[in-house]
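Step one of this worksheet: look at the structure below.
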Amino acid sequence: LDIGREILERKGITILEMDLEFPYHLRILFQEMLLNYILLYYMKRGETDQLRIVLVMEEFQNMLPQSYHERQVGGETIKNLFRESRKLGIGTISIAQEASELGNFVLANCKTQLHFTTVTKIDIDTVANGLFLKPHQIRYIDYFWRGKCLAKIKGRTQNMLIKTHPPPFTGKITDEQLKEISKRWQSQKSE
């Protein structure tokens, strides 16, 4: 498999799923190799102001090294990705259920933040710090409910509460259903 040609240069969406049955240490090894390859691939092509690729990393907290030994040998690639991606034309979307699980390097290099329902004190404090909330504003974080989130776009707007559309599907979705949804989105986009 030529990752450059088959994934990075090809138009469309590529989904790489590593579920929980995949051993954790092998997931870390695979993601480090893949992300390092992507970084080197775009470094070779040079800096740009154009968006070349968007990486969506769901359950991002599971991609971060957990143990002392994993942190010694892994994690630098992810940090480098967040530090270097913008100038290489790489967009990153990191989705995590707990804001406190994200490293400071994520929020420090994040231009747009969307924070949905947050319930634990440590997560509320992380969101408040990331959004530069004043002490009297922090209590409102606990009032969000489904379909609403607090958004920040660095340098463009003040923090704002926005309403989000419900997802086009609920529950489990098959590959065939995902392809059909993708086709509908593409046809709407071309109209």
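Things worth noting here:
- Sites I13 and T120, calculated FRET efficiency, Cβ-Cβ separation with R0 35 Å, nearest 0.05: 0.60
- Pairwise label distance in nanometres, E84 with V56, each label 7 Å out on the Cα-Cβ vector: 2.6 nm
- A 1.4 Å probe run over the chain, with the rest of the protein chains in place, finds 74 Å² accessible per residue.
- Percent accessible area from carbon and sulfur atoms, the chain, protein chains only, probe 1.4 Å: 54 percent
- DSSP-defined antiparallel bridges as percent of all bridges, the chain, nearest 5: 60 percent
- Matching the structure-derived Kirkwood radius over Cα pairs in Å against the labelled list [x] 18.8; [y] 16.8; [z] 18.2 gives the label [x].
- Given the chain, longest segment not containing exposed loop trypsin sites (Lys or Arg not before Pro) (DSSP; at most 12 other Cβ within 10 Å): 12-110
- Measuring against 22 Å, Cα to Cα, the residue pairs K152/K183; K79/K111; K154/K179; K11/K152; K44/K79; K87/K179 contain K152/K183; K154/K179; K11/K152; K87/K179 as the ones spanning a longer distance.
- Treating r as the C-beta distance of M33 and E98 and R0 as 22 Å, the FRET efficiency rounds to 0.25.
The values are calculated or read from the model by the stated rules, or taken from the named source; none is laboratory data. Values in this document were obtained by computation on a predicted structure and should not be read as measured data. Because the Cβ atoms are built from the backbone with ideal geometry, glycine has one as well, and the counts that use them run over all protein chains shown. Heavy atoms of the whole protein, side chains included, go into the accessibility calculation; ligands, DNA and RNA do not. Shrake-Rupley method; radii C 1.70, N 1.55, O 1.52, S 1.80 Å.
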